[in-house]
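**Q** The structure that follows is given in the form of C-alpha cells.
The values are calculated or read from the model by the stated rules, or taken from the named source; none is laboratory data. Quantities reported herein were computed from a predicted structural model and do not represent experimental measurements. Cβ coordinates were reconstructed from backbone atoms using ideal geometry, including for glycine residues, and neighbour counts include every protein chain displayed. All accessible areas refer to the heavy atoms of the entire protein, side chains included, with ligands and DNA or RNA removed. Shrake-Rupley method; radii C 1.70, N 1.55, O 1.52, S 1.80 Å.
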Amino acid sequence: MTPKVSPAYTPGSPNYNVAKLLLIGLAFHLVYIGSVFDCYFKSPVVNGMNNYGYQTSAAAKRLVLIVGDGLRADLLFSLNAFRDIAESPKVVAPYLRSIAETRGAFGISHTRVPTESRPGHVAIIGKFIRSGMYEDVSAVTKGWKTNPVDFDSVFNQSSSTYSFGSPDILPMFAKGATPGKVKAWSYDEEEEDFTKDATALDIWVLDQMKILFANATANSSLSSELHSDKIVFFLHLLGLDTTGHSYRPHSKEYMKNIQVVDSIVRETEKLVNDFYGDEDTAFIFTADHGMSVIGNHGDGHPDNTRTPLIAWGRGIRGPLPDSKISSHDVYSKPWNLGHLFRRDVEQADIAALMAALLGINWPVNSVGVLPDVDAQSPGYLNPSILGEEAIARTALTNAKPLSNVTTTEDTPQIFNINLLIAEKQWDAARRASFDLIQQSLLGLHYLQTYDRLMIRAFVTAAYLGWAAYASLFLFRPLDYTTSVLKPSNQDIRKALNAGSWTILAAFWLSFSVQRSPWSFYVYITFPCYFWNQFLSQVVTTSGILINFNWRKGALVLVNSSLVVVALFGMVVGYTHRSVWSIGFGILGLAWPLSWNPDVRAAHWRSLTFWTVSCLATSVFPLLSVDKSESLVTIMIGGSAVIMTGSFATWQILLSVKEQKTRKSLLRIFFNNKVILVCITMSITASSVRELQAKRGLPFLNQSAGWIILVTSSVFPFMVRTKVHTKYSKILMYFLGFGPCFVILSISVEGLFFVAYSAVLVAWIQVEKAVRLSHSGHADSISANSKGQDASKDRTGKTNLAQAAVAHKFQMDDLRIALFFLFFVQVGFFGTGKLCILRSFYLAPVYRLIPIFNPFYMSSLLVFKIIAPYIMLSVSFAVLNDSLNLPPFSLLLVALTITDG
C-alpha cells in the first residue's frame with residue numbers, strides 16, 4: 001500500500017508563525033487570569049434561600065452600630081500605644097476602655113482577605129463565607145462601589161435604618177433593600193481629601209445624627225418612626241482610614257483621630273439615651289479592617305485583620321473574669337486587660353449578634369455564627385435578660401439558614417433540636433445547634449470549593465501545555481520532517497486528534513449537565529489544543545531525533561535542571577527579597593568567572609560596568625519596604641536621573657557626530673526630557689512641603705504635575721524610531737519615565753530606576769561580548785545576519801516566518817531567557833513585596849490625586865510598577881537586535897519557561 005504524501009514542510013513555511021503564537025498566548029493568559037476567580041473567589045450568594053425569623057422577643061428595641069474605619073485593635077486597647085509621641089496619653093480611648101472594663105464585652109473581630117472597606121462592611125452587616133472568601137470579589141474591578149449581586153443585610157431586615165457616613169459605603173446597603181427602609185446621609189466625595197484634617201468627616205457624621213434627633217422633636221411623623229422597635233443607627237467614621245493612609249497609624253494624627261472617635265462614641269451614647277429616655281439600646285463598636293505600619297491595607301497581615309469589638313447596652317453581658325485557660329495571648333498582653341475575658345469572633349458573626357439583639361429575621365445568605373451558640377465559652381448576650389430558652393432558640397435560628405444552604409427542608413438534626421428545646425434541655429440544644437452549624441459550614445465550604453481541584457488540574461495541564469506548545473516554535477520539528485509520513489505515523493496522528501476531540505466533548509457534555517460557567521468550556525479547550533499540537537508534531541516526526549548526540553543531550557539535561565533550580569529560587573524570592581540580591585551577586589561576580597580570560601581582558605570596561613551595576617541594584621531588595629517620605633532622597637533620585645541621562649546623551653551624541661541632522665534632533669529630544677525632570681523635581685518639592693504642612697495640594701502643582709507626567713510618558717511612544725540608535729531608544733524611555741520616578745516616589749525608587757536601567761544596558765553589552773567570543777558564534781551571527789537579510793521581501797520588510805528559521809536554538813538562548821525572567825521579577829521586587837499594590841505607598845499619589853478615588857489611584861501605582869517592565873522590553877528588543885538575531889528569537893525562549 002502506497003503511503004499518503006503530506007504537504008512538504010520547508011524552511012520558511014507558515015507552520016511556525018510567531019504572530020499566531022503571540023495572539024494565542026495573549027488570549028490564553030487573559031482567559032486563565034479568570035481561573036483565579038473561579039477557583040478561589042466565588043460569589044457566596046446562594047439563590048433560593050429561605051428567610052428565618054426569631055421565635056423569641058427582642059433583647060433591645062434599637063441598635064447603634066459604630067464603625068471606626070481602619071482602626072487597629074492594638075492601637076485602641078494597648079496602654080502607651082503611642083509612646084514615641086511626646087505627651088501621648090497612657091490610654092488613648094478612655095471612654096471605650098471604661099466600657100470594656102466596667103459594663104460591656106470586648107474582643108477581636110478577625111477579618112478576612114481582602115481587608116478593604118467594602119467587603120469588611122458587607123461582612124459586618126450582610127453576608128460572609130467562613131471558608132475565607134468575602135463577597136463577590138469581582139467588585140474590586142468596580143472600585144468596590146457597585147453591587148455585582150444584590151444581597152440581604154441586617155439593615156434590610158430592620159424596621160428602619162438610619163445611616164451616616166461615606167458615600168462609598170452607605171449606598172450599597174440601600175441598593176436592593178426594601179425601598180425607603182435604609183436612609184442614608186453622606187457627605188460629598190470631594191470631602192474625602194487626604195490633604196485635609198479627616199476628623200472633620202467623623203464630626204460631620206455626629207452632627208447629622210444630632211440634626212436628625214432635633215428634627216424629630218418638631219416632626220411627629222419622624223418621631224414616631226424613630227420610636228419604632230428594631231431600629232438601627234449606623235455611624236460610619238472614615239477619618240481613621242483617611243488619616244492612616246496620609247500619616248500612617250503610629251502618627252500623632254492617627255492618635256488624635258482615635259481620641260475624636262472615642263469622644264464621638266461618648267456623645268452618641270448620651271445623645272441616644274437622652275432622646276429615648278430609656279435603657280433599651282444596644283451599642284456595638286468595631287472596625288472593618290486594620291492598617292499596616294506603612295498606612296495601607298488589603299492583604300492578610302495581622303495588623304490588617306485584627307480589629308476591635310466592644311459591645312454594651314441592652315441585651316449585652318457585662319465584663320467577666322478571665323477563664324482558667326487564658327483567653328489572652330502575647331498580642332493582648334500590652335492591653336493590661338488580662339483579668340477580663342476576651343471573646344474573639346469572626347467578622348461576620350457581628351451580623352448574627354445584631355440580628356439576635358434586635359430579634360429580626362436572619363439576613364439571607366448570612367453565614368455568621370452567633371458567639372453564644374458555642375456553650376463551651378461565654379458569648380456576648382446577657383442570659384439574665386434573654387433567658388437560657390431564648391438563647392437556645394436563637395441558636396436554632398442560627399442553624400436553620402446555614403443548613404438551608406445544602407438542603408431545602410428541615411433536617412433530622414433540626415427536629416432533634418426542637419425536641420431538646422421542648423424538653424427544656426437548653427445547653428444540649430445549643431450544643432446540637434452548634435454541631436449542625438459546623439457541619440453546614442463544612443458543606444458550604446465543599447460547595448464553594450467543589451470545582452477547585454478540577455480547575456487546578458486544568459491550570460496545570462494548560463500551562464505545561466503552553467510551554468510544550470511554545471517549544472515547538474524553538475525546535476521546529478516540522479522543518480525536519482520528510483514529505484512522506486509513514487502509515488503508522490498517520491494512524492498516531494489520527495488517534496491523537498480523535499482522543500483530543502473525545503476529551504473535549506466529554507468535558508463539555510459534563511459542563512452542560514452541571515450548568516457550569518462558560519469559562520469552564522474555554523479552560524479545557526486550551527490544554528487540549530496545546531497538547532494535541534505538541535504530540536502530533538513530536539510523536540509523528542522522526543527527523544528531530546536524527547544525529548542525536550548523547551553528550552549534547554546530557555548537557556541539555558544539566559542546563560534544564562539548573563533552569564528549574566533557578567525558577568524555584570525565584571519562587572523563594574517572592575517571600576524572601578534577599579534572594580534577588582543573591583541573584584545579582586551570582587550574575588555580577590560568579591557568571592563572569594565562567595568566561596574565557598581573554599574575553600574578560602578584552603571587554604574589561606563592559607565587565608566592570610556590569611559588575612558595578614549588578615552590585616548597585618542588589619542593594620535595593622535588601623532595603624525594607626517600610627519607608628518614610630524623604631524629600632532629600634527623592635531629590636537625590638531625580639538628580640541621579642538627570643546626571644545619568646546627561647552622561648548617556650553625551651555618549652550617544654559622540655557616536656553620531658558625523659550626522660548633524662540626527663544629532664541635532666537627538667539633542668533636542670534629550671535636553672527637553674532633562675528639563676522636564678528638573679521641573680518635576682521642583683513641583684514635587686513644593687507639593688511635598690505643602691502636604692506636610694497640611695495646607696493642601698496647590699491646583700497649579702496638581703495641573704503641572706499631570707501635564708508633565710502624561711506628556712513625558714507618552715512622548716517616547718510617539719517619536720519616529722528612525723531618528724534613534726539602539727541605545728538612544730533606551731535613553732528616550734529612561735528620561736520619559738524619569739518624572740514618574742520623581743513625582744510618584746516616596747524614597748529610593750528613583751535611585752532604583754537608575755540602577756535597574758543601568759544594569760539592563762550593561763547586560764546588552766556583556767551578552768554581545770560573550771556571544772561573539774564563543775567558538776563558532778561569530779560565524780553563526782554572520783549567518784544569522786545574512787539569513788535575516790535574505791528573509792526580507794521586495795519591499796524591504798522582514799518575513800518573520802522565514803527569519804525565524806535562520807536562527808537555531810542555542811543553550812545561551814536559554815540562559816538569556818532566564819536572565820530576562822530574573823529581571824522581570826526584580827523590576828517588581830526591587831522596591832516592593834508579594835502583596836503587590838499594598839507594598840507601594842499612597843502618599844506620592846496625593847501629589848496628583850488628593851481626593852479619594854481608588855480606581856485612578858491604583859492606576860497610577862500600576863503605571864509606576866510597569867514602567868521598569870517597559871524599560872526591560874525595550875532593552876530586550878535591543879539585545880535581540882545586537883546579537884543579530886531574527887525578531888522574537890529570544891522572546892520565544894522566554895515564553896517557553898516564563899510560566900514556570
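**Q** Hey, what do the phi angles of region 722-739 turn into as Karplus ³J(HN,Hα) couplings, whole Hz, using 6.51/-1.76/1.60 and θ = phi - 60°, x for Gly and Pro?
**A** Here the 3J(HN,Hα) series is 5, 6, 8, 8, 4, 7, 5, 5, 4, 4, 4, 5, 4, 6, x, 8, x, x Hz.
**Q** So what J values fall out for region 449-456 if you push phi through Karplus, 6.51 cos²θ - 1.76 cosθ + 1.60 with θ = phi - 60°, rounded to Hz, Gly and Pro as x?
**A** So the J values, rounded to whole Hz, are 10, 4, 8, 5, 4, 5, 5, 4.
**Q** Express in Å², to the nearest 10, the accessible area of C528 obtained by rolling a 1.4 Å probe over the protein heavy atoms while all chains stay in place.
**A** Rounded to the nearest 10, that gives 20 Å².
**Q** Using the Cα atoms of region 171-228 to build a convex hull, what is its mean projected area in square nanometres? Present the calculation step by step, with values, prior to reporting the outcome.
**A** Details: hull surface 20.6 nm².
Reported value for the Cα convex hull: 5.2 nm².
**Q** Considering only protein heavy atoms, with the full assembly of protein chains and a 1.4 angstrom probe, order C678, C614 by accessible area, largest first.
**A** In descending accessible area the options line up as C678, C614.
**Q** Tell me the Kirkwood radius of region 672-761: reciprocal of the mean inverse pair distance over distinct alpha-carbon atoms, in Å. Can you show the working numbers first?
**A** Values: mean 1/r = 0.0714 Å⁻¹.
When all Cα pairs of region 672-761 are included, the Kirkwood radius is 14.0 Å.
**Q** Summing +1 for each Lys or Arg and -1 for each Asp or Glu, what net charge is found among the other residues whose Cβ lies under 10 Å from the Cβ of W335?
**A** Working: positive: R97, K333, R342; negative: D74.
Computed value for this residue: +2.
**Q** For region 371-388, take each phi angle, set θ = phi - 60°, evaluate the Karplus expression 6.51 cos²θ - 1.76 cosθ + 1.60, and give the result in whole Hz per residue in order, putting x for glycine and proline.
**A** x, 7, 5, 6, 6, 6, 9, x, x, 10, 7, 9, x, 6, 8, 7, x, 5
**Q** Per the 1.4 Å probe, what fraction of the accessible area of region 696-753, in percent, lies on carbon and sulfur atoms? Don't jump to the answer; show the numbers that get you there.
**A** Working: 1620 of 2230 Å².
Reported share for carbon and sulfur atoms: 73 percent.
**Q** Another question about this same structure. Within the accessible area of region 205-351, what % is carbon and sulfur when the probe is 1.4 Å and the other protein chains stay in place? Intermediate results must be reported in sequence, preceding the final value.
**A** Working: 2740 of 5280 Å².
Carbon and sulfur: 52 percent of the exposed surface of region 205-351.
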